[in-house]
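Only one structure is covered here, and it is reproduced in the block below.
The values are calculated or read from the model by the stated rules, or taken from the named source; none is laboratory data. Everything numeric in this text was worked out from a predicted model, so none of it was measured. Virtual Cβ from ideal backbone geometry, glycine too; neighbours counted across all protein chains shown. Just the protein is used for accessible areas: all its heavy atoms, side chains included, with ligands, DNA and RNA removed. Shrake-Rupley method; radii C 1.70, N 1.55, O 1.52, S 1.80 Å.
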Amino acid sequence: MRAIIPAQELQLSSHVLDAIPGDKSISHRAAILGSLADNVSRFSHFLRSEDCMNTLRIVACLGAVVTWEPNGELRIEGQGLTGFSKPESWLDVGNSGTGIRLLTGVLAAQPFQTRVAGDESISKRPMRRVVDPLMKMGADISGELRDGEICPPLLVKPVSQLTGIEWNMPVASAQVKSALLLAGLWATGEVSILSPGVSRDHTERMLKYYGVDVITSGFDVYMQGGQRPHNPNPDAVLRIPADVSSAMFFIVLGAILGPDRLKDGMRLNGIGVNPTRVAGLAILDAMNADITRVYDDAPALEPISDLEINASDLENVTVSLEQVPNAIDEFPILAVAALFADGDFIVRGAAELRVKESDRIDGIVRMVRAVGGEIEEYDDGFKISGPLENPRDFAFDAHHDHRLAMSAIVLALGAGVKADVDGCESIATSFPNFFDILTDIGVSL
Ligand code: S3P
């Protein structure tokens, strides 16, 4: 799907955004852990995007009873660790790397065979990072071999017993950590996951909520196998915060509009501010963006805050290596912010970007050059020299990558140029109401 964004002088004034949708990472985990608990769970603000709905459909195919309440709350009747049964057909994760990696951890422990696959982009995503450690735990998983990588479709066969593991992750990855912790629920012995850096900790938090004893020490995580998730309060409605990675598109939009076009700030409500997710905000803060937490809350699962953004005089920075895994999803939109800032924005140590929904380093380079910006490409990152002086109308193919598509649209709005962005159907994987919010704040589409 192509979106044509006409050239326009967007002006915002005291806008309040209440509709940033629920967190994608947390929604996947809610679907999975809700279905593995031995009782009922209720969630509000579950993200009804293609990715998370695929995960929800899959746990339903495996036996979880999923219902939507009239008020939009999600109710999952978990089946416990022994309640799943063989699905009638193969399992389709669509475009979701998180879905396939986390679910593979669960499927590895089931007493029946499954085949799990997705769209064309998924069939190129590297799975060795979860398959190797799961095989070391005793799982039986095979996939398509592509240049030494294991790619979907994955065939997961039953084994009699998984065992614990001590796994040294070469790259900090929440998806790998989560797949091993989930498989560990069925394992004998201990699962120890050692990490070179921080990665999002939603799985650990949710496991703890469900009574599973998970110990964290620095970046490392330890869990005794064989623990059964149980919802301590099945009547409570667990609130899934709004996705900070989705909020970033509007935060950056606010930051780049400048004082003439953003009056009296913009407010985004109920945003998840888990410390393992906010490196993107910290980078913007270091770039001088005027972002304030105006109200903090700590409901059962995850911390949330309302954020206020005011027009900012941005300056570019070098992103530290430690911030990279924590901000990994934010680089396409941070690249847009960098185009409106003085100096050099430098990202290194981010080769992971090449194996996300698309090669995001290539996508960022194409996007910046298309609008007339200056960028140097590295194997593991890029350098943008700002500010963008003579922006031009541009056409951009997002290669079916939601974050690239949304970034290109924000770029067009910030620069006041016309953009023709292909691949926008992908936006539905994480942000189904993105265009509705644009319309609400006055964007002409
Ligand atoms: C995710 C983890 C991240 C992130 C992805 C979602 C998750 O990947 O890029 O969009 O929900 O666990 P890593 O596995 O590289 O941390």
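The simple Förster model, with R0 at 56 Å and r as the Cβ-Cβ distance, assigns Asp147 and Asp264 a FRET efficiency of 0.60.
Note down the relative contact order for the stretch 1-124 as a percent, whole number, built from C-alpha pairs under 8 angstrom at least six residues apart.
Worked out over the stretch 1-124, it gives 23 percent.
Considering all different alpha carbon pairs of the stretch 24-227, the Kirkwood hydrodynamic radius works out to 16.7 Å.
Return one number: the angle in degrees, 0 to 90 and rounded to the nearest 10, between the long axis of the Cα atoms of helix 402-415 and the longest principal axis of the Cα atoms of the chain. Relative to the chain, helix 402-415 is tipped by roughly 10 degrees. Near the amide H of Gly80, within less than 5 Å, lie the amide hydrogens of Ala37, Asp38, Asn39, all on another chain or at least 5 residues away, with H placed in the peptide plane. Pairs exceeding a 19 Å alpha-carbon distance, out of Lys86/Lys124; Lys86/Lys208; Lys124/Lys356; Lys157/Lys177: Lys86/Lys124; Lys86/Lys208; Lys157/Lys177. Each of Gly386, Phe396, Cys61 was scored by the projection of its Cα onto the charge dipole of the chain, and the greatest displacement toward the positive side belongs to Cys61; charges sit on the C-beta of Lys, Arg, Asp and Glu. Across the accessible surface of the chain, with the other protein chains kept in place and a 1.4 Å probe, carbon and sulfur atoms take up 47 percent.
Assuming charge only on the beta carbon of Lys and Arg (+1) and of Asp and Glu (-1), the dipole of the stretch 24-227 about its Cα centre is about 120 debye to the nearest 20. 3J(HN,Hα) along the stretch 230-240: 9, 6, x, 9, x, 7, 6, 9, 8, 8, 8 Hz, from the Karplus curve 6.51 cos²θ - 1.76 cosθ + 1.60 with θ = phi - 60°, whole Hz, x for Gly and Pro. Extension gain for the segment Ala298 to Ser217, taken as residue separation times 0.36 nm less the Cα-Cα distance, is 26.9 nm to one decimal. Output the 0 to 90 degree angle, nearest 10, between the alpha-carbon long axis of helix 174-184 and the longest principal axis computed from the alpha carbons of the chain. That helix lies at roughly 10 degrees to the long axis.
Please work out the C-alpha center-to-center distance from the stretch 188-259 to the stretch 393-419 and express it in whole Å. Here the two parts' Cα centres lie 30 Å apart. Rounded if a/c is under 1.5, else prolate if a/b is larger than b/c, else oblate: which is the stretch 67-133, with a ≥ b ≥ c the root eigenvalues of its Cα gyration tensor? Oblate is the answer for the stretch 67-133, as a/c is 1.5 or above yet b/c matches or exceeds a/b. Evaluating 6.51 cos²θ - 1.76 cosθ + 1.60 at θ = phi - 60° for every residue in the stretch 241-255, the Karplus couplings come out as x, 5, 6, 5, 5, 6, 4, 4, 5, 7, 4, 5, 4, x, 5 Hz, glycine and proline recorded as x. Computed from the C-beta positions of Ala282 and Trp90, the FRET efficiency with R₀ = 56 Å rounds to 0.85.
In sequence order, the stretch 139-146 has phi-based couplings of 6, 10, 10, 10, x, 7, 8, 10 Hz under the Karplus curve 6.51 cos²θ - 1.76 cosθ + 1.60, θ = phi - 60°, and Gly or Pro positions carry x. Shape annotation for the stretch 61-179: C-alpha extents along the principal axes are 47, 33, 29 Å, from largest to smallest. Rolling a 1.4 Å probe across the protein heavy atoms gives the chain an accessible surface of 36 Å² per residue. Against the chain, whose longest principal axis is taken from its Cα atoms, helix 360-370 shows a tilt of about 20°.
Helix-derived [θ] at 222 nm for the chain: sum -39500 (n - 2.57) over DSSP H runs of at least 4, divide by residue count, nearest 500?
-8500 deg cm²/dmol
When only Cα pairs under 8 Å and 6 or more residues apart are kept, what is the percent relative contact order across the chain? For the chain, the relative contact order is 18 percent. By its C-alpha gyration tensor, with a ≥ b ≥ c as the square roots of the eigenvalues, how is the stretch 43-98 shaped: rounded for a/c under 1.5, else prolate for a/b larger than b/c, else oblate? Oblate shape, in that a/c is at least 1.5 and b/c is the bigger or equal ratio. Computed over Cα pairs, the Kirkwood radius of the chain leads via Stokes-Einstein (0.890 mPa s, 25 °C) to a diffusion coefficient of 111 µm² per second.
When a/c reaches 1.5 or more, the comparison of a/b and b/c decides; with that in mind, is the stretch 196-355 rounded, prolate or oblate per its Cα gyration tensor? Since a/c reaches 1.5 but b/c is at least a/b, the shape of the stretch 196-355 is classed as oblate.
Mind checking the dipole of the stretch 240-293: about its Cα centre, +1 per Lys or Arg Cβ, -1 per Asp or Glu Cβ, Debye to the nearest 20?
80 debye
Under 5 Å from the amide H of Glu190 lie the amide H atoms of Gly164, Ile165, Gly225, each residue being 5 or more positions distant or on a separate chain, with H modelled from the backbone and absent for Pro and chain starts.
Across the chain, the longest run free of exposed loop sites, meaning GluC sites (Glu not before Pro) lying outside DSSP classes H, G, I, E and B with no more than 10 other Cβ atoms within 10 Å, spans 121-388. Dipole magnitude for the stretch 146-253: computed about the Cα centre from +1 point charges on Lys and Arg Cβ and -1 point charges on Asp and Glu Cβ, it is near 220 debye.
Annotation: amide H-H contacts under 5 Å for His15 (H modelled 1.01 Å from N, sequence separation of 5 or more, or interchain): Arg267.
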